[in-house]
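The values are calculated or read from the model by the stated rules, or taken from the named source; none is laboratory data. Source: prediction; values computed, not measured. Neighbour counts run over all protein chains shown; Cβ positions are idealised from the backbone, glycine included. The accessibility values were calculated without ligands, DNA or RNA, using every heavy atom of the protein model including side chains. Shrake-Rupley method; radii C 1.70, N 1.55, O 1.52, S 1.80 Å.
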Amino acid sequence: MNILLPVAAAMTVFWLALRIYPAWIARVFREDDRTPPPSVTNADGRDFVESRTHVAFAQHFSAIAGAGPIVGPTLALAFGWQPVWLWIVIGGIFFGAVHDMTVLFTSLRERGCTVVGLARRALGPAGYLLMLLVLVFVLTVINAIFLNLSVTALTSVYPLAHLGAGAGTGSLLSVTYENGVAMAHLGGIATTSVLIITATAPLLGWAIRYRNLGMGYAYVIAFAIAVASVVLGFRVPVALDGDTWRYAMTAYVFVACWLPVWLVIQPRDFTNVQILYGGIGLVAAAALVAGTFHGITIQAPAFDLATGERALEAGIWPLLFITVACGAISGFHALVASGTTVRQIARESDCRRIGYGAMLLESLLAVVVLVAVAAMLTPGEYLDVVYPADGPSNPMLGFALGTGRLVNMAFPFIPIAVAVVFGILMVEGFVVTTLDTSVRLCRYMFEECWTFAFGERTPAWLRHPLVNTALAVGLMLFFALSGTVRQMWPVFGAGNQLIGALSLITVTVWLAQRARQHLFALLPAAFMVVTTFAALLVLVRGNFGAGGNPVLGLTAGALFFLAVGVVVVGVSRLARALQQPQGATAHPVAAE
């Protein structure tokens with residue numbers, strides 16, 4: 001099949017969905033821009049900061065669009081490109097975008113509390129405590145994994161031959177030789193880019209917030225900084241060892257998550273997202289051009305269930321729906337939407353633009369990634385890179401090779417080595433961006449935990465941002481230094497989707513308690529509950545046999561039983577809400 005068809009079809013369907021579905025959901029929530037949002041009513045200049053739509057969108061999108069929509073579809077391609085494409089399109093429209101927008105809107109109506117706080121109000125104390133255990137445990141270890149991924153990304157080297165770089169293009173890269181093999185220091189390029197973007201973020205944040213810098217000028221400046229950071233990265237790559245980067249990143253995250261959101265995180269994400277915007281646009285344009293003028297077709301099989309089962313060690317259900325992750329639905333988005341984004345949006349209609357729109361843009365990214373890898377790598381080469389028989393999986397390199405070749409074919413004036421490096425930078429830069437937001441969310445959860453435990457008697461020092469930031473960062477570093485985090489990654493793929501399922505249950509109960517339409521949230525919630533439960537059971541079964549990891553199995557089992565508890569409480573609360581007289585509420589409405 002010509003690559004033009006799946007890309008154009010996805011763009012068309014996403015555009016139609018964006019025009020129709022979020023407007024209907026907004027009517028269910030009774031959207032009213034006259035109602036002041038938490039960024040106004042709870043304004044504190046640190047976390048609750050009223051922000052322009054484009055700035056809040058950029059911060060939200062860069063936080064949710066980390067490595068997930070790139071790595072997930074690349075790994076899932078082992079099952080064939082058609083089932084992955086279908087799940088991205090259907091999941092993005094009816095699962096992920098609904099999840100993100102409804103959690104954001106519900107949090108908005110509950111004065112900006114996190115999804116944990118929403119669970120407390122909708123599911124009661126028992127549901128709150130069970131969900132808190134799931135979220136804090138999963139998020140803390142995910143923070144550690146993001147930290148280690150950041151270190152890997154910022155110190156990465158790749159064989160020059162894999163980049164398609166000859167003598168001419170190879171001169172653009174810093175090269176050393178390991179065992180006679182020329183290795184390009186791509187991590188050094190990403191390091192320089194990260195340092196420059198981070199160093200300039202406070203000045204840009206100050207100009208936007210206090211000098212009323214116009215959005216047109218802000219985009220131009222942010223784009224110029226992003227481009228300059230990459231150009232300087234090629235010319236002056238900064239090389240640091242892994243341990244140095246791990247502690248340096250820990251220190252950066254501590255400072256960034258303690259300082260006001262407008263000073264570092266928001267402007268840094270606004271600048272960094274220009275790279276991702278450019279990458280999505282470039283790869284999508286390359287697919288359209290290559291399909292239209294060169295007739296490029298997809299080389300990957302449409303369906304290959306046997307290969308997928310061998311590669312992922314389980315069937316297409318439930319593993320496909322867990323592996324794609326952020327490209328279709330991700331529980332981490334609920335934490336971002338109800339943690340940082342809700343405290344920045346300036347009006348209720350932003351829930352449509354940011355909650356629903358950002359998810360569809362991420363799904364579009366997942367589609368172009370899928371098509372690029374499926375078209376530009378032969379099935380054998382794909383398996384050699386992504387599922388090698390005698391080495392670690394490298395989906396980031398598979399993505400970079402696919403996008404680099406596609407861009408070079410559509411636009412021959414862009415050297416293939418440069419295009420491949422740009423693809424890798426898209427992944428590496430956004431792992432760092434997701435990390436600082438994720439740790440800030442963990443800080444919010446600890447603050448809510450102390451408030452729930454002690455109420456008005458909560459000691460002032462336990463409410464201080466420095467204390468909770470230090471706690472979140474300290475736990476992150478502790479797990480990052482542990483050798484078990486990497487082995488436990490499969491559990492947290494399922495755990496991430498589990499958070500999405502539990503968040504949709506919370507939204508469903510919240511709507512039912514107010515006698516609102518809720519089937520549009522209940523149906524995806526039910527599917528994701530069954531799917532994540534099945535995935536966790538697969539992990540439990542697979543790790544208690546010969547050659548398994550009992551620790552991983554016990555962790556998956558613990559998450560399973562905690563999730564069962566949340567679901568039981570949720571079903572009970574939902575049944576109680578449905579028994580209420582029409583128009584009555586089973587729970588006081590906090591902000592309506």
>> Being in a helix (DSSP H, G or I), in contact with a Pro (Cβ under 6 Å, 6 or more places away or on another chain) and within 18 Å of residue 7 (Cβ to Cβ) is the filter here; which residues of region 57-88 pass it?
In response: 74, 84, 85
> Scanning for something more than 30 Å from residue 378 (Cβ to Cβ), surrounded by 24 or more Cβ atoms within 10 Å (Cβ to Cβ) and touching an Asp or Glu at 6+ places or on another chain (Cβ under 8 Å), does region 77-95 turn up at least one residue?
Replying inline: no
> Is it the case that some residue within region 499-508 is open to solvent by 60 Å² or more (accessible area, probe 1.4 Å) and hydroxyl-bearing (Ser, Thr, Tyr)?
Replying inline: no
> Applying the selection to region 505-546, what residues are farther than 29 Å from residue 316 by Cβ and among the β-branched types (Val, Ile, Thr)?
Replying inline: 509
>> Consider region 157-179. How many of its residues are small (Gly, Ala, Ser), modelled with pLDDT of 60 or more and open to solvent by 70 Å² or more (accessible area, probe 1.4 Å)?
In response: 1
>> Just to verify a result, which residue in region 406-424, among those that are buried (at least 22 other Cβ atoms within 10 Å of the Cβ) and under 24 Å from residue 155 (Cα atoms), is modelled with the highest pLDDT?
In response: 419
>> It is to be established whether one or more residues within region 333-349 are under 28 Å from residue 152 (Cα atoms), free of Cβ contacts under 8 Å to residues at least 60 places away in the same chain and not polar (S, T, N, Q).
In response: no
> Any idea which of 478, 446 is in contact with a Leu (Cβ under 9 Å, 6 or more places away or on another chain) and either open to solvent by 10 Å² or more (accessible area, probe 1.4 Å) or within 22 Å of residue 64 (Cα to Cα) (or both)?
Replying inline: 446
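Does residue 54 satisfy the condition of being part of a helix (DSSP H, G or I), surrounded by 19 or more Cβ atoms within 10 Å (Cβ to Cβ), touching a residue at least 12 places away in the same chain (Cβ under 8 Å) and not charged (D, E, K, R)?
no
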> If you take the residues of region 370-398 that are touching a Gly at 6+ places or on another chain (Cβ under 6 Å) and open to solvent by less than 10 Å² (accessible area, probe 1.4 Å), which of them is farthest from residue 6 (Cα to Cα)?
Replying inline: 386
> Going through region 511-532 one residue at a time, which ones are assigned to a helix (DSSP H, G or I) and either within 21 Å of the chain's Cα centre (by Cα) or surrounded by 20 or more Cβ atoms within 10 Å (Cβ to Cβ) (or both)?
Replying inline: 511, 512, 513, 521, 524, 525, 527, 528, 529, 531, 532
>> Please count how many residues of region 209-233 are assigned to a helix (DSSP H, G or I), surrounded by 14 or more Cβ atoms within 10 Å (Cβ to Cβ) and over 27 Å from the mean Cα position of the chain (by Cα).
In response: 1
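If I filter region 551-563 for residues that are open to solvent by less than 30 Å² (accessible area, probe 1.4 Å), of a type outside the set (A, V, I, L, M), farther than 26 Å from residue 125 by Cα and assigned to a helix (DSSP H, G or I), do I get at least one hit?
Checking region 551-563: at least one residue is open to solvent by less than 30 Å² (accessible area, probe 1.4 Å), of a type outside the set (A, V, I, L, M), farther than 26 Å from residue 125 by Cα and assigned to a helix (DSSP H, G or I).
Picking from 73, 36, which residue would you name as being crowded, with 24+ Cβ neighbours inside 10 Å and either modelled with pLDDT under 95 or not small (Gly, Ala, Ser) (or both)?
Within the list 73, 36, the selection yields 73.
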> Looking at region 456-465, is at least one residue within 30 Å of residue 96 (Cβ to Cβ) and in contact (Cβ under 8 Å) with a residue 40 or more places away in the chain?
Replying inline: no
>> Condition (residue is free of Cβ contacts under 8 Å to residues at least 24 places away in the same chain and more than 26 Å from the chain's Cα centre (by Cα)) applied to region 361-380: is it met by at least one residue?
In response: yes
> Which of (1) modelled with pLDDT of 80 or more; (2) buried (at least 17 other Cβ atoms within 10 Å of the Cβ) is the odd one out, the single condition residue 185 does not satisfy?
Replying inline: (1)
>> Please determine whether any residue of region 459-475 is at pLDDT below 85 and crowded, with 16+ Cβ neighbours inside 10 Å.
In response: no
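Residues are listed down the side, and each one gets a yes or a no for (1) within 19 Å of residue 503 (Cα to Cα); (2) open to solvent by 10 Å² or more (accessible area, probe 1.4 Å); (3) in contact with a helix residue (DSSP H, G or I) (Cβ under 6 Å, 6 or more places away or on another chain); (4) not aromatic (Phe, Trp, Tyr):
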{"position": "307", "(1), (2), (3), (4)": "no, yes, yes, yes"}
{"position": "328", "(1), (2), (3), (4)": "yes, no, yes, yes"}
{"position": "331", "(1), (2), (3), (4)": "yes, no, yes, yes"}
{"position": "337", "(1), (2), (3), (4)": "yes, no, yes, yes"}
{"position": "345", "(1), (2), (3), (4)": "no, no, yes, yes"}
{"position": "358", "(1), (2), (3), (4)": "yes, no, yes, yes"}
> Among the residues of region 533-549, which ones are outside any helix (DSSP H, G or I) and either open to solvent by less than 10 Å² (accessible area, probe 1.4 Å) or on the phi > 0 side of the Ramachandran plot (or both)?
Replying inline: 547
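Every residue, every condition in (1) assigned to a helix (DSSP H, G or I); (2) aromatic (Phe, Trp, Tyr), yes or no:
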| site | (1), (2) |
| --- | --- |
| 9 | yes, no |
| 20 | yes, no |
| 24 | yes, yes |
| 33 | no, no |
| 36 | no, no |
| 44 | no, no |
| 48 | no, yes |
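Residues in region 251-265: is at least one touching a Pro at 6+ places or on another chain (Cβ under 7 Å), within 28 Å of residue 363 (Cα to Cα), of a type in the set (A, V, I, L, M, F, W, C) and part of a helix (DSSP H, G or I)?
no
Filter region 291-304 for residues that are among the small types (Gly, Ala, Ser) and modelled with pLDDT under 95; which is surrounded by the most Cβ atoms within 10 Å (Cβ to Cβ)? Give the derivation first.
At the first step, the residues of region 291-304 found to be among the small types (Gly, Ala, Ser) are 291, 295, 300, 302.
If we keep only those that are modelled with pLDDT under 95 as well, we get 291, 295.
Values: 291: 24, 295: 10.
The extreme case among them is 291.
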